[in-house]
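J.: Take a look at the following structure, please.
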Amino acid sequence: MMERDIVVIGSGPAGLCAAIEAAEAGAKVLLVDENAKPGGQLFKQIHKFFGSREHSAGVRGIDIGTLLLQKAEELDIEVWLNTEACGIFDQDKVWVVRDKSTSLTIHAKRIILATGANENVVNFPGWTLPGVMGAGAAQTMINIHRVLPGRKILMIGSGNVGVIVSYQLLQAGAQVKAVVEAAPQLGGYGVHTAKVRRAGVPFYTGHTVLEAHGTDHVESAVIVKLDAAWKPIAGTEFSVDVDTICIAAGLTPAVELAFGAGCRSVNSPVLGGLVPWHDESMRTSIPSIYIAGDVSGVEEASTAMEEGRMAGLSAAHSLGYLEASRYRSRFEAINHNLLALRSGMFGQKRRDAKEAIMAARKG
Amino acid sequence: MTHAADVLVIGGGIIGLSCGFYLTKRGKRVCVLDSGGFADGASGACDDMILFQSKKPGINLELTFESLELYKSLRAEVDDNLGFANLGGMVLIENQQELEIMEEFVSQQRSYGLDVEVIDKREIHKKQPFLSDHIIASTYSKMDSQIDPFAVMRAFERKGSSYGMKVFRRNGVVGIERIGNGDYLVSTQDGTVFQAPIVVNAAGTWAGQIGEMVGANVPITPKRGQIIITERVPPIGETNLWSAKYLVTKLRNDVVVDLNEDERSMGLSFAFTRSGGDTYLVGSTREYVGFDKGTTIGGIRAIINQTLKYLPRLRDVNFIRAIAGLRPSTPDGRMLLGEHAGIDGFFTAAGHEGDGIALAPITGTLLAAMVCRDPGDHRLDELSPNRFANL
């Protein structure tokens, strides 16, 4: 059986950083991803990132992705694309299928899961009509494939994904007819929200989509006002003429591989639901398995990168690749960055949620 | 704290819930106790078949007919289709030896009133155009049906609760003792004690451990079944499919069947059933590995390879998930249903192996009749747990 020190599953920001950190420590790393290109969602992030200077604030996600790939190449990290990880067995065997044709089992002394998250859906009559899609899917279409999903867009959800994708859809030449938000207040950062508002897009807080109409494609959507108990108020319905409905209703960690492997779960409503329990070093309840990024609780790309570095560092250290003192100082540095990202008005809530996960009883 | 009831049912899978439901309908105050969550055991890791063709002519086949009728009235009572479907089934025959055995088996089943026949290659091709050419014949019964186990369990629980049944989950039974008046005291992990004159052991794969608490021999062994689930695909053929190989090994232990290494070591045989969600459930292994519920690469691979042997066209279909469940198997392939001699008021209803979904309603109905001391049904003597009392 083929053997590697560390197999990293998922080549998004978390997985790339994990692979780089571990390879820098000297570990023999294999990075696998089911997609044809590495980078996960980074290459569709054409907006500038927030955070401090260490986190490449002010740099666009797409450029961060390019830098990370260069780094991975310099370090000669082995990367398998078009490679699906089907399961983890006996805690240290990764079963993969390459190019939909070759089935292989790899003995991995350590496994780092950086599988990311999946978009949530909102169900309403008509939600299966062509034209209803995740906001992330629409973003992939415009920024990666250069295809407009539609001309007249309704965005559901005013969080960062909802407003960033709305703005990028406007830039790509679509009309955004409205942003609908079920909560009584807007969810995204002011700077992103303001750009969309300045473009003249109406925001409806305390509203939701009631249904979508159309014969073989979305032709219109009905929007309704919600009362304090989030119940539709009869008589407040109105119709908007749209051909596309984008849903930005949050993400759910892609935990299948972790739970299939037997990692113990913890419920974290703030970070997306059930996540694998993990400690500060990103180690799960199975000592050979580490996690990083959205799979460990949905946050954002900068945090995912730091978590990836932490997982890569700790996994390499556990295999004896780093002296204790070097490990300690690097651990402290990464932890410092993570704390910085999890501070302030928005960050504190995530920090509390993360600490609650780590404090939960180890199973 | 002590809860008093007329009957305590230990086990909240499809069998325990059925017992609880039909006992409640007979006017009993019932508490159903389960160590895990909803559908945590075998009832949540199985296919959805009400399969007639796999049943040996005899009590299991007779009870399947009765169970199908009960499912009809249950669907009416809860006003829900419960995922019922009637696609029919085919058992695939690969060589002359299997054909002879299956022909004999089919004629026996027909004498029990099962509408089943052996069909030739031309008929097979009409119903299953993608089937491998090496299949020489097949059985066909239009009676084989399906029902969604999760929907059935929810229906038993909801409707039963509306009649007064109480279900307690995530609180395992840790001890059973009998007190002066003959009542049982059942204690649970969180300290709650339940008291009743009747206890029903419906703990499935774990029923042996419950039996031990009162000194009853309940010889049930976990048999692991791994199943893979495909992505959503259009119908591959008209019916659900099984291989004759497994039935032949089960029916005729005097015959040496030509098995490959996987089939022998993992008890692998082919079962291919379309679910309500437009996916296929493909199985299955039958392994004795204790209480290990894990899926294995070897098991999944073997199922995939076997599937391609029967349906080469599936090469391009993805599987999206693999599950494993522990089926409660008994030494003679029949369930235990009845009261234990010398342990008055202690009943077992367990050991259905792969027939739990098919036989759930009839098991609950018969158990309720026994608890209510209805006139005895002698057909059921062969299911009595006392057949194992002296082993």
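The values are calculated or read from the model by the stated rules, or taken from the named source; none is laboratory data. What you see is a predicted model, and the numbers here were worked out from it, not measured in a lab. Cβ coordinates were reconstructed from backbone atoms using ideal geometry, including for glycine residues, and neighbour counts include every protein chain displayed. Just so you know, the surface numbers come from the protein's heavy atoms only, side chains and all, with ligands and any DNA or RNA stripped out. Shrake-Rupley method; radii C 1.70, N 1.55, O 1.52, S 1.80 Å.
J.: Please pick out the residue among A:Glu74, A:Glu54, A:Glu24 that is more than 20 Å from the chain's Cα centre (by Cα), at pLDDT below 95 and closer than 29 Å to A:Ser325 by Cβ.
T.: A:Glu54
J.: While we're here: Going through the range A:261-283 one residue at a time, which ones are within 14 Å of chain B (Cβ to nearest Cβ) and more than 20 Å from A:Asn118 (Cβ to Cβ)?
T.: A:Gly262
J.: So which residues in the range A:193-222 are farther than 17 Å from A:Gly150 by Cβ and assigned to a strand (DSSP E or B), if there are any at all?
T.: Selection gives A:Phe203, A:Tyr204, A:Thr205, A:His207, A:Thr208, A:Leu210, A:Glu211, A:Val222.
J.: Another question, then. When you go through (1) buried (at least 18 other Cβ atoms within 10 Å of the Cβ); (2) under 21 Å from the mean Cα position of the chain (by Cα); (3) outside any strand (DSSP E or B) one by one for B:Arg327, which number turns out not to apply?
T.: With respect to (1) buried (at least 18 other Cβ atoms within 10 Å of the Cβ); (2) under 21 Å from the mean Cα position of the chain (by Cα); (3) outside any strand (DSSP E or B), B:Arg327 is out only on (3).
J.: Only one residue in A:Ala27, A:Ala23 is open to solvent by less than 30 Å² (accessible area, probe 1.4 Å), in a helix (DSSP H, G or I) and either under 25 Å from A:Asn337 (Cα atoms) or within 14 Å of chain B (Cβ to nearest Cβ) (or both). Which one?
T.: After applying the criteria, what remains is A:Ala23.
J.: Which residue out of A:Val275, A:Val255, A:Val270 is modelled with pLDDT under 95, of a type outside the set (D, E, K, R) and within 19 Å of the chain's Cα centre (by Cα)?
T.: Answer to the check: A:Val270.
J.: Would you tally the residues in the range B:213-249 being out of contact with any helix residue (DSSP H, G or I) (no Cβ under 6 Å at 6 or more places or on another chain), of a type in the set (D, E, K, R) and surrounded by 14 or more Cβ atoms within 10 Å (Cβ to Cβ)?
T.: Of the residues in that region, 3 qualify.
J.: Within the range B:320-340, work out how many residues are over 17 Å from B:Asp355 (Cβ atoms) and of a type in the set (Val, Ile, Thr).
T.: 2
J.: Being within 14 Å of another protein chain (Cβ to nearest Cβ) and either among the small types (Gly, Ala, Ser) or open to solvent by less than 20 Å² (accessible area, probe 1.4 Å) (or both) is true for just one of B:Leu314, B:Leu268. Which residue is that?
T.: Only one candidate qualifies: B:Leu314.
J.: In addition: Which condition breaks for A:Ala18 when tested against (1) free of Cβ contacts under 8 Å to residues at least 40 places away in the same chain; (2) surrounded by 22 or more Cβ atoms within 10 Å (Cβ to Cβ)?
T.: (1)
J.: Another question, if that's okay. Please determine whether any residue of the range B:271-279 is in contact with a Gly (Cβ under 7 Å, 6 or more places away or on another chain), more than 14 Å from every other protein chain (Cβ to nearest Cβ) and open to solvent by less than 20 Å² (accessible area, probe 1.4 Å).
T.: Looking through the range B:271-279, at least one residue is in contact with a Gly (Cβ under 7 Å, 6 or more places away or on another chain), more than 14 Å from every other protein chain (Cβ to nearest Cβ) and open to solvent by less than 20 Å² (accessible area, probe 1.4 Å).
J.: Taking the range A:214-249 as the search range and keeping residues that are among the small types (Gly, Ala, Ser) and in contact with a helix residue (DSSP H, G or I) (Cβ under 9 Å, 6 or more places away or on another chain), which one is farthest from A:Ala182 (Cα to Cα)?
T.: Restricting to residues being among the small types (Gly, Ala, Ser) and in contact with a helix residue (DSSP H, G or I) (Cβ under 9 Å, 6 or more places away or on another chain), the top hit is A:Ala248.
J.: If you don't mind, there's one more thing I want to ask. So if I check each of A:Ala248, A:Ala316, which one is of a type outside the set (Val, Ile, Thr), crowded, with 21+ Cβ neighbours inside 10 Å and over 24 Å from A:Ala85 (Cα atoms)?
T.: Going through A:Ala248, A:Ala316 in turn, just one is of a type outside the set (Val, Ile, Thr), crowded, with 21+ Cβ neighbours inside 10 Å and over 24 Å from A:Ala85 (Cα atoms): A:Ala248.
For every residue, the table says whether it meets (1) under 30 Å from A:Glu219 (Cβ atoms); (2) free of Cβ contacts under 8 Å to residues at least 60 places away in the same chain; (3) of a type in the set (D, E, K, R).
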site	(1), (2), (3)
A:Thr236	yes, yes, no
A:Ala248	yes, no, no
A:Gly260	no, no, no
A:Ile286	no, no, no
A:Ile289	no, no, no
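J.: Which of the numbered conditions does A:Val94 fail, given that it passes all the others? Conditions: (1) assigned to a helix (DSSP H, G or I); (2) within 14 Å of another protein chain (Cβ to nearest Cβ).
T.: (1)
Per-residue answers, yes or no, for (1) under 22 Å from the mean Cα position of the chain (by Cα); (2) modelled with pLDDT under 95; (3) part of a helix (DSSP H, G or I); (4) surrounded by fewer than 16 Cβ atoms within 10 Å (Cβ to Cβ):
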{"site": "B:Asp47", "(1), (2), (3), (4)": "yes, yes, no, no"}
{"site": "B:Pro57", "(1), (2), (3), (4)": "yes, yes, no, no"}
{"site": "B:Tyr71", "(1), (2), (3), (4)": "yes, no, yes, no"}
{"site": "B:Val91", "(1), (2), (3), (4)": "yes, no, no, no"}
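J.: I'd like to verify a number: residues in the range B:288-304 that are within 14 Å of another protein chain (Cβ to nearest Cβ) and either open to solvent by less than 30 Å² (accessible area, probe 1.4 Å) or in a loop (DSSP other than H, G, I, E, B) (or both), how many?
T.: So the answer is 10.
J.: I've got another one for you. With respect to B:Phe38, determine if the residue is outside the structural domain of B:Asn201 (by TED's automatic domain parsing) and in contact with a helix residue (DSSP H, G or I) (Cβ under 8 Å, 6 or more places away or on another chain).
T.: Considered against the rule, which asks whether it is outside the structural domain of B:Asn201 (by TED's automatic domain parsing) and in contact with a helix residue (DSSP H, G or I) (Cβ under 8 Å, 6 or more places away or on another chain), B:Phe38 comes out as no.
J.: Could you please find all residues in the range A:141-167 being in a helix (DSSP H, G or I) and open to solvent by less than 40 Å² (accessible area, probe 1.4 Å)?
T.: Once the filter is applied, which keeps residues that are in a helix (DSSP H, G or I) and open to solvent by less than 40 Å² (accessible area, probe 1.4 Å), the range A:141-167 yields A:Ile142, A:Asn143, A:Gly162, A:Val163, A:Ile164, A:Val165, A:Ser166.
J.: Can you tell me which residue among A:Glu323, A:Glu300 is open to solvent by 10 Å² or more (accessible area, probe 1.4 Å), of a type in the set (Asp, Glu) and over 26 Å from A:Asn160 (Cβ atoms)?
T.: Going through A:Glu323, A:Glu300 in turn, just one is open to solvent by 10 Å² or more (accessible area, probe 1.4 Å), of a type in the set (Asp, Glu) and over 26 Å from A:Asn160 (Cβ atoms): A:Glu323.
J.: Another one. For the range A:90-124, what are the residues that are open to solvent by less than 40 Å² (accessible area, probe 1.4 Å) and either without any contact (Cβ under 8 Å) to a residue 24 or more places away in the chain or among the polar types (S, T, N, Q) (or both)?
T.: Residues satisfying the conditions are A:Trp95, A:Val97, A:Thr105.
J.: List every residue pair whose Cβ atoms lie under 6 Å apart, where the two residues are 6 or more positions apart in sequence or sit on different chains, the first residue falls within the range B:186-211 and is in a loop (DSSP other than H, G, I, E, B), and the second residue, located anywhere, is of a type in the set (S, T, N, Q).
T.: B:Gln189/B:Asn171; B:Asp190/B:Asn171
J.: A further question follows. B:Leu61 is checked against (1) under 30 Å from B:Thr295 (Cα atoms); (2) surrounded by fewer than 20 Cβ atoms within 10 Å (Cβ to Cβ) and fails just one. What number does that condition carry?
T.: Among (1) under 30 Å from B:Thr295 (Cα atoms); (2) surrounded by fewer than 20 Cβ atoms within 10 Å (Cβ to Cβ), the lone unmet condition for B:Leu61 is (1).
J.: Looking at the range A:128-140, can you tell me whether even one residue there is within 13 Å of chain B (Cβ to nearest Cβ), in contact (Cβ under 8 Å) with a residue 40 or more places away in the chain and surrounded by fewer than 19 Cβ atoms within 10 Å (Cβ to Cβ)?
T.: There is no residue in the range A:128-140 that is within 13 Å of chain B (Cβ to nearest Cβ), in contact (Cβ under 8 Å) with a residue 40 or more places away in the chain and surrounded by fewer than 19 Cβ atoms within 10 Å (Cβ to Cβ).
J.: Any idea which of B:Thr307, B:Thr285 is assigned to a loop (DSSP other than H, G, I, E, B) and either closer than 24 Å to B:His134 by Cβ or within 14 Å of chain A (Cβ to nearest Cβ) (or both)?
T.: From the options B:Thr307, B:Thr285, the qualifying one is B:Thr285.
J.: Inspect the range B:28-35 for any residue being at pLDDT 95 or above and in a helix (DSSP H, G or I) and give the result as yes or no.
T.: The answer is no; no qualifying residue exists.
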